[in-house]
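The values are calculated or read from the model by the stated rules, or taken from the named source; none is laboratory data. The structure displayed is predicted, hence computed values, not measured ones. Quick reminder, even Gly has a Cβ in these numbers, built from the backbone with ideal geometry, and neighbours come from all protein chains shown. Side chains included, ligands, DNA and RNA excluded: accessible areas come from the protein's heavy atoms. Shrake-Rupley method; radii C 1.70, N 1.55, O 1.52, S 1.80 Å.
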Amino acid sequence: MRWFWLALLNLASGPVVAEPIDGFDPVGYWKGAIVKDGAVFPVEIEIARNAEGLAASTRFPDWLFYEPFGFEKVIQTSDGLTIIDLLEGDAKLLLEPRFEQLVGTVGDDGRTIHLKRSPPPPRETINRTEISFESHDGTRLAATLVKPLVLEPLAGMVIVRGRGCATRITNTARFFARYGIAVLTYDKRGSGKSEGNCATFTFDQLTEDAIAALEFLADDPDVDADKVGFIAQSAGAWVIQASAERQRSLPNAISPAFLITWIGPATSIVQQQLSSAATYGDAVGLSVSQQNTLAEVTRITVDESLTDDQAFAKLDTIRRTAEQEGWLDQGFGAEDIPRQREDMSRLWLRRFRYDPTQFLQGLGGLPYLAIFGARDPIVPLEENVAALRDAGSEIQVVVRPESGHGYDFDEQDLALSNGSRFWLFEGTATGFTAEPIRFLRDNGFMKR
């Protein structure tokens, strides 16, 4: 019996020819788990041969919001194979040849790994198509359309990303498609393969893009146009709120059939910036004075009584002071405070203005699910939940006590009530997947 080490290296490493050891060829599909303190973290590895040797793709099914890792170099030595930096630790695997099992360790913190050669996964009952569509101003947006392979008309969902130059998330689209939903996910303008400039796009442009995506999906012959809605992350909540508000004001327009927000605000953009000055400032360790300065930057930026020159002079003074005091990068992003006079038009608060209050108050019977994190410093919980509660009882609010401004939790050591401990691997908080599925089923958009 010959033992060997398994390793996946970055594609940037030099070409190495990989040869099977004693007739053993690792090419194929391996499925198993990384284990620590009895906790299990599923992993799938597919090894293939190319012109340079062996390459492997790694996928962690529990990571809903991340794509599978791209193919990486696999180096095979006379001693075997070694996996470099698998979940932040080198993985060393020994081969049990009779049953084609790989067993070993990951890093030096007690994690073990067990892989079994398995048949390739069956063909998915979903169809993934790379497409593009035009927004209302002619900008072409690149997208992926994922549909289950069924004969009956489908409900549809458009995924709208949060702030910044975000690209499509096909792993999330595949998740919902497996439950019978047609899902469209697209690169924001100026991001990925989409046209446009993500440094200068405006809130109105993003709203028009989301509406164009909704109309494109509703026009698909496999989709029931009366059952197409939005799911949005973070600042994308404002975009879908504004999209729904605009469509409902137009005669014969396609309106969303439902709204789902993940950690999305229900107050105005300006109010969210003012409120998060304290909660975010606390989270990153800013003093009360520095938090007040964050709020003052918001007030100056949106103050229409100031000329651009006057506003820039005030903001530039604040920027220089924060830089001298050493907290500039903690408090401000590149779009929050100008580095030069020409940056004024690019400030996020100059390009983004919206208040959803009127829309939420007139929501009527539109199904609406909002999921919040109790520890969110960006979208403060109490005032956002209060804004939705005031709007009407038909809005369903879910608060995840373990979450902040994100869907995933970090790996950590946890204690149970009896004093025993267990290891929690990094993953997606359950509520961000289970609650939308329940909501869609309860409202007739998904079969039970």
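Anything in segment 207-246 that is assigned to a strand (DSSP E or B), over 16 Å from PHE445 (Cβ atoms) and more than 22 Å from the chain's Cα centre (by Cα)? List them, or say none.
None - no residue of segment 207-246 is assigned to a strand (DSSP E or B), over 16 Å from PHE445 (Cβ atoms) and more than 22 Å from the chain's Cα centre (by Cα), so the list stays empty.
Could you look through segment 392-401, keep only residues that are of a type outside the set (S, T, N, Q) and modelled with pLDDT under 85, and pick out the one that is most open to solvent (accessible area, probe 1.4 Å)? Let's see the steps before the verdict.
The initial filter retains those residues of segment 392-401 that are of a type outside the set (S, T, N, Q), namely 392, 394-395, 397-401.
This time we only want the ones that are modelled with pLDDT under 85, so: 392, 394.
On the way: GLY392: 16, GLU394: 68 Å².
Applying the filter and picking the extreme gives GLU394.
Looking at segment 99-125, which of its residues are outside any strand (DSSP E or B) and open to solvent by 90 Å² or more (accessible area, probe 1.4 Å)?
First pass over segment 99-125, keeping only residues outside any strand (DSSP E or B): 99-100, 107-110, 119-125.
Within segment 99-125, PHE99, ASP108, PRO119, PRO120, PRO122, ARG123, THR125 meet the criteria.
Would you confirm whether or not segment 127-150 contains a residue that is assigned to a loop (DSSP other than H, G, I, E, B), out of contact with any Gly (no Cβ under 6 Å at 6 or more places or on another chain) and within 18 Å of PRO256 (Cα to Cα)? Show your work before the answer.
Step one: filter segment 127-150 for residues assigned to a loop (DSSP other than H, G, I, E, B), giving 135-139, 149-150.
From the residues that got through so far, the ones that are out of contact with any Gly (no Cβ under 6 Å at 6 or more places or on another chain) too are 135-138, 149-150.
Pick out the ones that are also within 18 Å of PRO256 (Cα to Cα) and you get 135-136.
Checked against the condition, which is being assigned to a loop (DSSP other than H, G, I, E, B), out of contact with any Gly (no Cβ under 6 Å at 6 or more places or on another chain) and within 18 Å of PRO256 (Cα to Cα), segment 127-150 yields at least one hit.
In this structure, is ILE371 surrounded by 15 or more Cβ atoms within 10 Å (Cβ to Cβ), at negative phi and in contact (Cβ under 8 Å) with a residue 60 or more places away in the chain?
Working: surrounded by 15 or more Cβ atoms within 10 Å (Cβ to Cβ): yes; at negative phi: yes; in contact (Cβ under 8 Å) with a residue 60 or more places away in the chain: yes.
It is true that ILE371 is surrounded by 15 or more Cβ atoms within 10 Å (Cβ to Cβ), at negative phi and in contact (Cβ under 8 Å) with a residue 60 or more places away in the chain.
Filter segment 319-338 down to the residues that are part of a loop (DSSP other than H, G, I, E, B) and farther than 20 Å from THR202 by Cα and list them by number. Break it down into steps so the answer makes sense when it comes.
Initial filter on segment 319-338 (part of a loop (DSSP other than H, G, I, E, B)): 326-327, 332-338.
Within segment 319-338, GLY326, TRP327 qualify.
Return yes when GLU46 is under 30 Å from THR144 (Cβ atoms), over 21 Å from the mean Cα position of the chain (by Cα), charged (D, E, K, R) and at pLDDT 80 or above and no when it is not.
Numbers: under 30 Å from THR144 (Cβ atoms): yes; over 21 Å from the mean Cα position of the chain (by Cα): yes; charged (D, E, K, R): yes; at pLDDT 80 or above: yes.
Spelling it out, GLU46 is indeed under 30 Å from THR144 (Cβ atoms), over 21 Å from the mean Cα position of the chain (by Cα), charged (D, E, K, R) and at pLDDT 80 or above.
With the condition kept exactly as written, say whether any residue in segment 97-120 is acidic (Asp, Glu) and either farther than 30 Å from TRP423 by Cα or at pLDDT 95 or above (or both). Steps first, answer last, please.
Quick first cut of segment 97-120, residues acidic (Asp, Glu) only: 100, 108-109.
Right, trim to either farther than 30 Å from TRP423 by Cα or at pLDDT 95 or above (or both) and you get none.
Checking segment 97-120: not a single residue is acidic (Asp, Glu) and either farther than 30 Å from TRP423 by Cα or at pLDDT 95 or above (or both).
So ALA386 fits all but one of (1) among the small types (Gly, Ala, Ser); (2) on the phi > 0 side of the Ramachandran plot; (3) not in a loop (DSSP other than H, G, I, E, B); what number is the exception?
Only one criterion in (1) among the small types (Gly, Ala, Ser); (2) on the phi > 0 side of the Ramachandran plot; (3) not in a loop (DSSP other than H, G, I, E, B) is unmet by ALA386, namely (2).
Kindly establish whether GLU342 is in a helix (DSSP H, G or I), under 24 Å from the mean Cα position of the chain (by Cα) and surrounded by fewer than 17 Cβ atoms within 10 Å (Cβ to Cβ). Lay out the reasoning, then the answer.
On the way: in a helix (DSSP H, G or I): yes; under 24 Å from the mean Cα position of the chain (by Cα): no; surrounded by fewer than 17 Cβ atoms within 10 Å (Cβ to Cβ): yes.
Considered against the rule, which asks whether it is in a helix (DSSP H, G or I), under 24 Å from the mean Cα position of the chain (by Cα) and surrounded by fewer than 17 Cβ atoms within 10 Å (Cβ to Cβ), GLU342 comes out as no.
Which of the residues belonging to segment 197-224 are touching a residue at least 60 places away in the same chain (Cβ under 8 Å) and closer than 18 Å to ARG246 by Cα? Show your work before the answer.
Step one: filter segment 197-224 for residues touching a residue at least 60 places away in the same chain (Cβ under 8 Å), giving 199-203, 205, 208-209, 211-213, 216-218, 220, 222-224.
Listed by number, the residues that qualify are THR202, PHE203, GLN205, GLU208, ASP209, ILE211, ALA212, ALA213, PHE216, LEU217, ALA218.
Given the conditions (1) open to solvent by less than 60 Å² (accessible area, probe 1.4 Å); (2) in a loop (DSSP other than H, G, I, E, B), report the number of the one that ASP316 does not fulfil.
Here ASP316 meets the rest and fails (2).
Residues are listed down the side, and each one gets a yes or a no for (1) under 30 Å from ASP220 (Cα atoms); (2) touching a residue at least 24 places away in the same chain (Cβ under 8 Å):
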| site | (1), (2) |
| --- | --- |
| ASP90 | no, yes |
| LEU93 | no, yes |
| GLN101 | no, no |
| ASP109 | no, yes |
| HIS114 | no, yes |
| SER118 | no, yes |
| GLY138 | yes, no |
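Could you list all residues from segment 149-165 that are surrounded by fewer than 20 Cβ atoms within 10 Å (Cβ to Cβ) and not basic (Lys, Arg)? Lay out the reasoning, then the answer.
Start the filter on segment 149-165 by keeping residues that are surrounded by fewer than 20 Cβ atoms within 10 Å (Cβ to Cβ), which leaves 149-153, 162-165.
Result: LEU149, VAL150, LEU151, GLU152, PRO153, GLY162, GLY164, CYS165.
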